[in-house]
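Enquirer: There's a structure below that I have some questions on.
What follows is calculated from the coordinates using simple rules that are stated; it is not laboratory data. Source: prediction; values computed, not measured. A quick note on method: Cβ atoms are made from the backbone with ideal geometry, for glycine too, and the neighbour counts reach across all protein chains shown.
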Amino acid sequence: MNISNIILFAITVIVSVSAVFMLRRERRQIRELVEALADVKNGNGNRRILARTDQALSPLVYEINDIVCMYEEKIVILQQMEETSKQLMTDISHDVRTPLTTLIGYLDAVHRGSVTGIEREKYIETARRKAYDLKEYIDALFDWSKLSSDEFSVTIKRVELAELTRNIMIDWIPILEDHKIEYSIEIPECAVTVNLDSDSYRRIINNLLQNSISHSHADCIVVALIEREAEIQISVADNGVGIQKEDLTRIFSRLYKCDKGRGERGSGLGLSIACRLAEKMGGRLTVDSTVGQGATFILTLPVPR
């Protein structure tokens, strides 16, 4: 056997041995893949597979790890949604059961004949108001539900905002006067054009005003429209009790009610609905408050180009 044949034989042996070791290594990694996937299937979303960049199966391993990560993230999101749904049902059950129990109590008293004359009429009127309050809560709940899904859409059109805001405030003036609340409406005389959904805008302003009247204990409300270089701001400010610092970060959360200083009446959905409507129109709703000095809600909308 000459030198060339010896070298060729040696190379063949080395290649064969290397191929055997590589095959064993790949087989071992395939077993690890199968075991890891079985572990993930059994619920262990934290399982990961290690691989060197020079291994043939490395691209597959990295892809599987990415899939497992996505799987784990979706599991976490589903768990959070489940907890949110449970809390939502608990809150709804409480908020519906209380006025419904009161309503039934008044109607039962009337039905049994426990009250007569003027008192009976008062019981009927109270029951009627409670029924409307309950309907208002359920309507708000359905609105919030639609806004949280893809079922709700807005129709964005170019609108003259100053005139629209004046028309909204005209309807609120008798209500403010009835509550003995002083008011100031600061709207520029010039036209202010913006792209928005008129019904959604009206709903936001109505919700903000109703929130101030019902919960702030204010005796003065200021509505102002300010046109800036790149945006338009509409603010609703009151001089009421203000909002606690710990409540500010959650004030726009669904069914959240500030129990300290602000009234308990209401669905806890008005501000959440207003915030979502603002986002649907490409804007944002923020709040600034100092306890004892009032609160200012600011709706910011982009200036059309």
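Enquirer: What's the local net charge at residue 80, with K and R +1, D and E -1, over the other residues with C-beta under 12 Å away?
Expert: Combined, the nearby Lys, Arg, Asp and Glu give -1.
Enquirer: Next question, about the same structure. What's the ranking of 133-146, 199-212, 105-118 by average number of surrounding C-beta atoms within 10 Å, highest first?
Expert: Values: 133-146: 15.8, 199-212: 20.4, 105-118: 12.3.
In descending order of packing, they fall as 199-212, 133-146, 105-118.
Enquirer: Please report the net charge: other residues with Cβ closer than 11 Å to the Cβ of residue 221, K and R +1, D and E -1.
Expert: On the way: positive: none; negative: 182, 219, 238.
Net of charged neighbours comes to -3.
Enquirer: Ranked highest first by average number of other Cβ atoms within 10 Å, how do 295-301, 185-191 line up?
Expert: Working: 295-301: 21.4, 185-191: 11.1.
Final packing ranking: 295-301, 185-191.
Enquirer: Using the Cα centre as the reference, give the magnitude of the dipole from point charges on the C-beta atoms of segment 157-302 (Lys, Arg: +1; Asp, Glu: -1; all else neutral), rounded to the nearest 20 debye.
Expert: Working: 17 positive and 21 negative charges, 134 e Å.
Approximately 640 debye in magnitude.
Enquirer: So for segment 89-147, averaging the separation of alpha carbon pairs under 8 Å that are six or more residues apart and normalising by length, what relative contact order in percent results?
Expert: Details: 23 pairs, mean separation 22.0, N = 59.
Value for segment 89-147: 37 percent.
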